[in-house]
Amino acid sequence: SYLKRYGKKGPNNRYLEAHVKIGLYYWNLGGKSNRSKAIGWFNTTLKEFNKFSKADQEAMTTGRDAAAQAKFMLGEEVFESMTKVTLDSPNEKVLKKKMQEKLKVAAEAKEVFESVILFGRPDWAIAALYRIGAGFQDLADNIRKSPPPARLSYDQKEIYRGILEDNASQVENLAVDAYKRALDIAKDKSWFNQYSKRAEVALAQLRPKEYRRPSELRAEPDHFASGLSRVPFIKQVQDEDRLTDFGSSEAPNSGQQ
């Protein structure tokens, strides 16, 4: 009703907020049809945002948040697809295929969430970095739990599990790095939300000697700054090459790594 009555005649912020809220309405309803409608509204939100001039975009507050949230929700769709791919097959060919599929979807999700940071809004930059970390953590957990091929002897299975643990630890370090970046923004901008808290909890679980679970209550901000300085992204080429190498590796034969 708001869009029909006011549309672009109203404030730019409200115009974009209305778009993303409709998308969230359909998203929360659940179901394949509603999910499709939600994705459509999120894409429309970004399309309308991009129609504004650079100056108008920079002047926005809640409108730019709406665009960032729309992009984040598109990333959530890809993230959910990634978590549904599990590495639970003892068949080497099936496992290799699933690994390649999971790596591909994980890279897609990471790219979307990285683009969220470019909107310069602290709340969604924190959310995006948390999700990047959660994606790496999901991948690490799946690698760690992957069953060894049944044809291997006991000693070979132990070697195989050792290889999986080494690779899982490397991926887990990427998750820790993303969580730390999320907290860096939260502390630097004094902007704490549910995603910064999740990042703290995750760090306390992964690095208990360095981080403690958050015990204090922090008020979420109720005003909007003009923007957010860009934070450096997680290294791409080196990390992706390392993950790709693991995805194409094969199980040890006769005790050889």
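The slack in the chain from Ser190 to Tyr154, taken as 0.36 nm per residue of separation less the alpha-carbon distance, amounts to 7.8 nm. Sequence-ordered 3J(HN,Hα) estimates for the range 72-87 from the Karplus curve with 6.51, -1.76 and 1.60 and θ = phi - 60° stand at 4, 5, 5, x, 4, 4, 5, 4, 4, 4, 5, 5, 6, 8, 10, 9 Hz, glycine and proline given as x.
Averaged per residue, the range 30-75 has 46 square angstrom of accessible surface, using a 1.4 angstrom probe with ligands and nucleic acids left out. Prolate is the label for the range 76-169, because a/c, from the alpha-carbon gyration tensor with a ≥ b ≥ c as root eigenvalues, is 1.5 or above and a/b exceeds b/c. Length available on full extension from Arg161 to Asp56: 0.36 nm per residue minus the Cα-Cα distance, which gives 32.4 nm. Magnitude of the charge dipole for the range 10-94, about its Cα centre and with charges confined to Cβ atoms of Lys, Arg (+1) and Asp, Glu (-1), is about 280 debye. Each of Ser1 and Arg14 was given a label point 7 Å from its Cα along the Cα-to-Cβ line. The distance between the two points is 1.4 nm. Taking the dipole about the Cα centre of the range 5-53, with the C-beta of Lys and Arg at +1 and of Asp and Glu at -1, give me whichever of Gly40, Gly23, Tyr6 is farthest to the positive side. Ranked along the dipole, the leading option is Tyr6. Quick one: which of Lys4/Lys32; Lys110/Lys209; Lys21/Lys96; Lys145/Lys197; Lys8/Lys71; Lys97/Lys187 span more than 32 angstrom between C-alpha atoms? Beyond 32 Å between Cα atoms: Lys21/Lys96; Lys97/Lys187. Computed extension gain for Arg144 through Asn91, at 0.36 nm per residue and net of the alpha carbon distance, reaches 17.5 nm. Approximating the spin labels as points 7 Å out from Cα along Cα→Cβ, the Glu108-to-Lys209 distance works out to 3.9 nm.
Got the relative contact order for the range 81-136 handy, in percent, Cα pairs under 8 Å and 6 or more residues apart?
33 percent
The values are calculated or read from the model by the stated rules, or taken from the named source; none is laboratory data. Please read all numbers here as calculations on a predicted model, not as lab measurements. In this analysis, Cβ positions are derived from the backbone assuming ideal geometry, glycine residues included, and neighbour counts consider all displayed protein chains. What goes into the accessible areas is simple: the full protein's heavy atoms, side chains included, and nothing from ligands, DNA or RNA. Shrake-Rupley method; radii C 1.70, N 1.55, O 1.52, S 1.80 Å.
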